[in-house]
Amino acid sequence: MAAKSDRSAVSDPSGISPVVRIQADRIDITAEIAAMTGGAAEGAVGGLVSFSGYCRDEGGRLRALELEHYPGMAEREIERIARETISRWPLLSCRAIHRFGLIVPGEEIVFVACASEHRQAAFEAASYLMDFLKTQAPFWKREHLKDGATGGWVEAKDTDDSAADRWHRL
C-alpha cells in the first residue's frame, strides 16, 4: 500500500477542521466531494467550489512528473494555509489533498475544495487556498521524458507568485 498521511487540524474557533492529505494514491474526487457535503447539516452547504489540477503531457514529450516533498513539513504548511483560509471566510468545510511520487499525464496532482453557505465565500476561499498551496507548500517537481531522459527540477513560475500576491492587496 502506498504511503499516505492524513492530518485533520485542531479545530479553528469557527469549529471547522480542514482535511489535509499528502498521498501517492490517486485522488477519488467524487468521494472527497461527497465527504464534504455529507457531513454538513442537512441543507447547510449552499456552494462547494473545487479545483483539481492534472498532470499535462507537455506536448506529448512527458512520460511522468515526479513530485517530492518533506513529509511532516509539507502537511504542516498546507494545514497552516488551510487554517488561514478558514479564518478569512465563513466555511463549512475545507479540504486540500496533494499527491507525490510519479504522476503520469492525465492523472490528478492536487485537489482543493471549500464549502460555504454562500457561493462567493466558497469561490474566494478555494482560489486563495490553491494560490498559496502552489507558492508555499514545499513540493519539488521533475520531468521524466518519453525519450528516457530525466529533466531538471521545474522552476517556480512568476505567474504563481502574482496570483498569490493579489490576496495581499485585498
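Maximal additional length on extending the Y70-L145 stretch stands at 24.6 nm, based on 0.36 nm per residue less the C-alpha distance.
Here's how it looks for I109: its modeled amide H is under 5 Å from those of G53, Y54, C55, which are all 5 or more places away or on a different chain. Coupling constants for the range 82-96 follow from the phi torsions by the Karplus curve (6.51 cos²θ - 1.76 cosθ + 1.60, θ = phi - 60°), and in residue order they are 5, 5, 4, 4, 4, 6, 8, 10, x, 9, 9, 7, 8, 9, 9 Hz; glycine and proline get x.
Read-outs: derived from the displayed coordinates by stated rules, not from any lab. Quantities reported herein were computed from a predicted structural model and do not represent experimental measurements.
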